[in-house]
Structure formats: structure tokens, C-alpha cells
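The values are calculated or read from the model by the stated rules, or taken from the named source; none is laboratory data. Note that the structure is predicted; figures quoted are calculated from it, not measured. Note that we place each Cβ from the backbone using ideal geometry, even for glycine, and neighbour counts take in every protein chain shown. Areas reflect the complete protein model, heavy atoms only, side chains present, ligands, DNA and RNA absent. Shrake-Rupley method; radii C 1.70, N 1.55, O 1.52, S 1.80 Å.
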Amino acid sequence: MAFAKRTFDAVVVGAGGAGMRAALQLSEAGFKTAVLTKVFPTRSHTVAAQGGIAASLGNSDEDNWHWHMFDTVKGSDYLGDQDAIEFMCRKANEAVYELEHFGMPFDRLANGKIYQRPFGGQSKNYGGAQATRSCAAADRTGHAMLHTLYQRNVRAHTHFFVEWMALDLIRDADGDVLGITALEMETGEVMILQAKGVLLATGGAGRIYASSTNAFINTGDGVGMTARAGIPLEDMEFWQFHPTGVAGAGVLITEGVRGEGGYLLNKNGERFMERYAPNAKDLASRDVVSRAMATEIKEGRGCGPEADHVLLKLDHLGAEVIEKRLPGIREIAKKFANVDPIKDPIPVVPTCHYMMGGVPTNYHGEVVAPVKTGPEAVVPGLYAAGEIACVSVHGANRLGTNSLLDLVVFGKASGDRMAQFIRENPNHKELPKDAGDITRARLARLEAATSGERVQDVSNDLRRVMQLNCGVFRFPDLLVEGIAKMREIAERAQRTYIVDKSNTFNTARVEALELDNLVEVAISTIVSAEARTESRGAHAREDFQKRDDDHWLKHTLWWKEGSRLEYKPVHLKPLTVETFPLKARTY
Amino acid sequence: MRFSIYRYNPDTDEKPYMKQYDVALEPADKMLLDALIRIKSMDDTLSLRRSCREGVCGSDAMNINGKNGLACVTRLADLKEPIELRPLPGLPVIRDLIVDMSQFFKQYHSIKPYLINNEPPPETERLQSPEERSELDGLYECILCACCSTSCPSFWWNPDKFVGPAGLLTAYRFIADTRDQATRERLDDLEDPYRLFRCHSIMNCVDVCPKSLNPTRAIGKIKDAMIRRTV
């Protein structure tokens, strides 16, 4: 199998918020850029973000980036890197104003400024009263942002490769990244795309859980590519379970519902969050609310005939607020839960939502990995931004509305850094002789297999194991058992076959290749989770219920080779301000 | 449940055909997309697009019992058997339920679907009153699924010349935006026997839009704006 080759200055993998923001920098700087995407850009999963984008504009109430930074550090349960967090929070206002200038249709206040609503974990004055920080376009902020970024890229003549799936990174003996292999879905052709810089912006991988708010496309393709290329993955044990997924369906109901004044009830009609978070109540951080809900359900105070969910009440907000600020939620509740929230509460459960870990980067978007001289040497030519990246601004738990901010701030920063790198390295390095071999082996195995495991069966089993063995609460015996089961599943994934061997838009082949990526994400998650014997943020161990800063104030690094773990220090020193010291985390 | 699904793979099939599937559904299979995923797990040769499964990405538009819609937000309980599924009408079929949407996006791109404002932006946001902003409601929410344009006879006849309901809805989204300064150029561009005026208010677009948007009304407002500027 010889692969045809095409050559670019830059390749961006993924056309969600981060990929498109980076692409804009590269296109406007005049570089020959290819943006690959499995789906048409406006179908990327950023489109499903609802509640808002965080920035301390102070349009409704006093605010500043120091407070935002404190909340983000605290929300991360002190695992976030304070240099990156300062960088993001300081850039937030500029990033939001820029989106507005691009034409993003934010809601407005009476004075014409951008509308902001309260969200979980946002405070004034370093842990004081609730702040009002999330800039919103009704409950369709991600849709408004993604379409605006696509539109701006149309204006900049960005070259999109629509319905192309990236398969593997190409690295040479020096460890430099020189391009990727990719599959054009419509024709089935596999090509080498050579580039001076490659940005991974493939988003999350929430499809490793049976119950997930994530789209079908969120299979962690860039995460798998990174792992197969011998680069470690960081903090993979930290997965956010969003408190309010529609029970049974998994579809997201924005935290903005609670931001606008909605709250949760158990079967006794009790507003139970008052017990778990006396100050912030329903607007405590997501990990705190999800654990409280899981505890209510576990202790028999769940609702419905199976006592397996709780209720999100918002009818008291009134029809006008719901129709104006939460119209998408009303539509979702009617379609997926058969209730009209103007009259009835929505049945909800904690649902896998966001990957805090991912590909280790610095705040310039450069991928970093340990070498002999230190824990964070730059991998030349490789960048990552958005949910795939572990910068780490979210640490052990992400605050709502910080993700859209992460996309545009680090999308832009990585685009700028790539542009600088390409200017300094104007010539392509020669591709190694083995370029494309990993991909060739994967495709050859799949094409030769005429019997074996069905892709759907293996991926469904993978999702079930992750759900049962590595969920909201983590038990030592279930983690150990889960690792053994995941090893079996990984073996089975090597024996999959597809009936369809044709070339034109073969989605069976795409799903089989995606499974390879899901496996890397799932194994790295459960192995990292089993090793971390403390509870921090979204990682809650039944046998180690406290945060243990003496032993575990450090980032996990996992390598595919030998499923090996190492650790590296958290960046406690911000860029210009004083360190926020470790504190017990209460809401 | 019984399904009849349009199948065509140019690699292996001389011509398209309808394939019958009898599927035992699980209680959790509530939406049409759930059933399609189940069918695909039995027959991996069936190809379709899908992603968010909640009606916001616009991937899984198809013709469902004769009417365009999104599989992920169409309840199985509301469908008459056998459920007949075909690719969106009027666009070339790539394979099975997957159509070539190039023509649709070409028309979308033709209306300059981005804010045009050549003044240097202020340090903070450009101001817009809530009333001005509300002019964009019912316009900006389009998900580019193409249900509307591919149900429009005018688009079927002239897909290369008529912008179609989705593109025109977005054209009006920018005309209606107080921050956009290119209203005159936008109206000039649309003042053409085909680009705008092939719309004959058949209103299929309104009938099928999964987001309950009203392209016909937006088109009417573009026409009003044209009339206003001539008097």
C-alpha cells in the first residue's frame, strides 16, 4: 500500500472551536493550511455547548480576572497549572470581545452589552458571593460560537478537508512530528499529509462511557494517535460527569438552568444540595453536585419507579424566562424526556461529559513530554488545543463555561505558536522511510480479517466496563477488575472484522478505526485511576476519600508502551501574580 | 419494526434499490436514529451520517416516510410502518442515505455568510439593544441540515442558481444584524430573477424545519427590504 502525499505548511486536525480558531490564525497569516474534519465543521461537538463562555466582563455585576482565576484554581482542586490558568483568565475578555466582533449573536442586557448569567463555581472576591460571569447566546452558546468561527473561516478562505479522518502521526527518529496519515471517507483513499506543524484539536472522547452527553464522533482520535506515537497522556483519570444529563437519553441539560434559578429535588421533594453545599447549593462545582446526586440515588432517595434519577425543577422561572433564555432546553426536554419544563421537572442523572486530561501541552499549545533533561520538553512540530489538550487549566474538575473559553484562547495561542515555528523552520524535513507504517498495519489487519469480533460488540462492552468500573464513585476492587476487563477488550479490538470492504463512504471501517482510539483512552483512564490513591475533583475513590497533597499533588503521565505511569509536578507558580495556596475545597 | 431503506453503493451496485429490514427494538430505542444504529450493528454496510443525536449538529437529515427530517429527533412511535427512508431528495447520492451537499453549501457560501463591518472594532463589545438582538431570533439557529432546501421544488429545478431557503435565511440573518454594514451589497446580490425570486412561497421549508424556523418569512423580509429601498 503506497500512500499518495500532499504537502502543507500546517495541518489542523479537527474543526471545532479550537481547531477553527487556530485555523483562522494560520489562514490569516498566509500559511498553506489544511483543516481536516470527520464531519462538516458546523457539526463538530462544540455546537452542543449550551450555557455560555466565561469572561470577567463585569457587565451585570462586579468582576475581574483574578477572581475568575481563583475560582478556576479552586475548581480544579488545585491540580490545574496556575501559569496556564492565569493566561486563560487574563485573555478571556479579549477573546469574548473578539467573538462578538466576528458577529457572534450574544444575548444583550438593556444597556446593549453582552448578557451574562451565573454558573457553578463562579464567585466574587475569592470564594465570596455568586458571580455572574458566563456570556451567553440563549442556551445555544456553542452553536452560535461554532457557526461564527466557521463563517469567519469562510471569510478567510480556510481550506477544509471535510469528512477526512486523521489516522496516525508521522514522527522521525528525532521524535519530530512531520505530518499525519488520513482517510478521505468519500473515496476510501488514505494519504500522507506532510506538514511543518500539526495541531491536534479532535476534542473529547466521552464515547468511552455508556451514558454520555457526547456526540458519536467523540472517540478521542487525536488521543489515540498521540498514544500510538509514543507520547504520554496526562491526567486521564479525571472525567467530568455533568450533573444534568436527561435520564435514559444522556442528552445534556445546561447548568445554565440552575444559573437562571432552577434546582434539584429528590423523591421527597427536598432541595438536597442545601445539605451538601450550604453556600453555593445547586451552583456548587460539577463534581460536587454529581456526587451528591449519585449519593441521593444510592441511598434510595432517587425518583421514578426505579428510583434511578433526580428531578430538575425550573417551572418557577416562568414561561417567559424559559422561552427567552432556555428555549433549547425546553425543546430537548419535550423530545427526550416527554416533559414540558414550563410545567414539569426534568428527570436527570450524572452523565459523562468532559475529559479533563489529554495530550500534555504548555500554555502555548506545544505538546510536551519528559526527556532526560526535564519533565516537559517540547515535541517539535506537534500542538494540541481544546478538550484534547491537558494544558492543564481544568485540573481535576472543569468549571462550566471554561471549556468554550479554553477553545478560543488556546486555539489562538497555538495557532500563533505554530505560525512562529513555521516561520523559523521554513523547510519540510524529510519523511522517514517508515512513514505511514502504523496506519498500513492497522488497515492491512482490518482488510484481511473475514471473521472475528464485531466492532459494535467490542465498543459496547468497552463502554459498559467504563460505566460500571470507573464511574462517578471509584471502588478499588472494581478498578482492578476493570483493568483486567479492559485488557481483554483491547485484545478483542485487535480481532475485529468488518463485512463491508468497499471504498465509498465506508462508515464501518471508520468505526473500526475509531475503536482503536477508544481503547487507548479507556485503558489510560482506568490504569491512571487505579493508581491514584486519593480523591481529588472528579476522581472520587471510596477507599481514599480525602485529597492527599503530600503524595498526589502531581500530574499523571501514562504511556501506551507497557501501560507505564510516571508523574510530573503541578505548576503552582502563575505568570505574574502570587500562587493561590492549597486550601480545603468547600462550596 | 419494519423498515424499507434506500441502498446504493457505487462500488458494488448497478442501481439503487430498497432493502427491507425487520428489527426487534429494545425499550431504549425511542428515536429513529436509535433504530438505525441497531440496524447498522446487524448490517455494517448501511451508511449514514450522524453525530450529536440531539438535533443540533444537522448530520442525520433524511427523507422519512416522504418528509424530510432529522432521524435523531424523530420518534419511532410517530412513524407509520413500514418506515421508508431515503436520502434527501434533489442532491446526488454518494452512498445509501449519504448525499453530496456541495451544491447546498455552495449556495450558503454565496451569500457571504459572515458579518461585514469594516470599521475598526471598539475595545469592548459593539453595543446592540435586546430588541435589535431579538431580530436575529429564528434566524441564527439554523443547523445547515438541508431539510428545507432539499424539500423546495425551486431548489430542485435550479440548485445552481436559486440560493434556497437555508442560504436566504442566513442572508437575512446578516441583513437584520445592526452590526452588519453590507445590507446594500447583500440586497444587490440577491436582486436577481433566480437567486431570491425563485421562491414561490410553497412553504415546504417551514413545514420540514426541525428547528421550527421560518425561511419563507425571512425571504419575505428580504423582499420587503428591497421594496423599501426603491420607494
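Annotations
- Odd one out for A:LYS324 among (1) open to solvent by 30 Å² or more (accessible area, probe 1.4 Å); (2) outside any strand (DSSP E or B); (3) at pLDDT 95 or above; (4) of a type in the set (D, E, K, R): (3)
- Residues that are outside any strand (DSSP E or B) and of a type in the set (Asp, Glu) were ranked within region A:555-587; the one that is nearest to A:PRO232 (Cα to Cα) is A:GLU561.
- Filter result for B:MET42 (surrounded by fewer than 16 Cβ atoms within 10 Å (Cβ to Cβ), within 22 Å of A:VAL455 (Cα to Cα) and of a type outside the set (D, E, K, R)): yes
- Members of region B:112-130 found to be open to solvent by 20 Å² or more (accessible area, probe 1.4 Å), facing chain A (nearest Cβ under 9 Å) and on the phi < 0 side of the Ramachandran plot, listed by number: B:TYR114, B:ILE116, B:ASN117, B:PRO121, B:PRO122, B:GLU123, B:THR124, B:ARG126, B:LEU127, B:SER129, B:PRO130
- Residues in region B:78-94 that are within 20 Å of B:SER212 (Cβ to Cβ) and either open to solvent by 10 Å² or more (accessible area, probe 1.4 Å) or of a type in the set (Ser, Thr, Tyr) (or both) were compared, and the one that is nearest to the other protein chains (Cβ to nearest Cβ) is B:ASP78.
- Note on region A:126-147: residues that are more than 9 Å from every other protein chain (Cβ to nearest Cβ), touching a helix residue (DSSP H, G or I) at 6+ places or on another chain (Cβ under 6 Å) and open to solvent by 20 Å² or more (accessible area, probe 1.4 Å) total 1.
- Of the numbered criteria (1) in contact with a strand residue (DSSP E or B) (Cβ under 6 Å, 6 or more places away or on another chain); (2) part of a helix (DSSP H, G or I); (3) in contact (Cβ under 8 Å) with a residue 40 or more places away in the chain, the one B:ILE222 fails is (1).
- Identity of the residue in region B:95-111, facing chain A (nearest Cβ under 8 Å) and under 15 Å from the mean Cα position of the chain (by Cα), that ends up least open to solvent (accessible area, probe 1.4 Å): B:ILE98
- Taken together, A:TYR115, A:TYR150 contain a single residue that is under 20 Å from A:GLU320 (Cβ atoms), at the interface with chain B (Cβ under 9 Å from one of its Cβ atoms) and in contact (Cβ under 8 Å) with a residue 40 or more places away in the chain, which is A:TYR115.
- Restricting region A:195-208 to residues that are open to solvent by less than 10 Å² (accessible area, probe 1.4 Å) and not in a loop (DSSP other than H, G, I, E, B) leaves a set whose member that is farthest from A:ALA385 (Cα to Cα) is A:ILE208.
- Scan of region A:45-82 for residues that are hydrophobic (A, V, I, L, M, F, W, C), away from chain B (no Cβ under 14 Å) and part of a loop (DSSP other than H, G, I, E, B), ordered by number: A:LEU79
- Counted residues, region B:36-86 - those being under 20 Å from A:GLN50 (Cα atoms), in contact with a strand residue (DSSP E or B) (Cβ under 9 Å, 6 or more places away or on another chain) and among the hydroxyl-bearing types (Ser, Thr, Tyr): 1
- Cross-chain or 6+ apart pairs with Cβ under 6 Å, region A:305-327 first and free of Cβ contacts under 8 Å to residues at least 40 places away in the same chain, then of a type in the set (Lys, Arg): A:ASP315/A:LYS343; A:ILE322/A:ARG330
- Helices (runs of 4 or more DSSP H) completely within region A:407-494 that count 3 or more residues being among the polar types (S, T, N, Q): A:455-469
- Residue list for region A:497-527, restricted to those being more than 14 Å from chain B (Cβ to nearest Cβ) and farther than 14 Å from A:ALA205 by Cβ: A:VAL527
- Listed conditions (1) away from chain B (no Cβ under 14 Å); (2) open to solvent by 10 Å² or more (accessible area, probe 1.4 Å); (3) assigned to a helix (DSSP H, G or I) are all met by A:HIS101, apart from (1).
- Reported count of residues in region B:143-189, each being in a loop (DSSP other than H, G, I, E, B) and either of a type outside the set (A, V, I, L, M) or at positive phi (or both), is 16.
- Hey, A:LEU557 within 23 Å of B:ILE37 (Cβ to Cβ), buried (at least 19 other Cβ atoms within 10 Å of the Cβ) and modelled with pLDDT of 95 or more or not: no
- Test: residue in region A:290-312 that is open to solvent by less than 30 Å² (accessible area, probe 1.4 Å), in contact with a Pro (Cβ under 6 Å, 6 or more places away or on another chain), modelled with pLDDT of 95 or more and within 14 Å of another protein chain (Cβ to nearest Cβ): no
- Residue match in region A:209-218 (condition: at positive phi, in contact with a Ser or Thr (Cβ under 9 Å, 6 or more places away or on another chain), part of a loop (DSSP other than H, G, I, E, B) and surrounded by 24 or more Cβ atoms within 10 Å (Cβ to Cβ)): no
- Single residue of region A:140-189 satisfying the filter (part of a loop (DSSP other than H, G, I, E, B) and of a type in the set (A, V, I, L, M, F, W, C)) that is farthest from B:SER47 (Cα to Cα): A:ALA173
- Test result for A:TRP552, open to solvent by 10 Å² or more (accessible area, probe 1.4 Å) and of a type outside the set (Lys, Arg): yes
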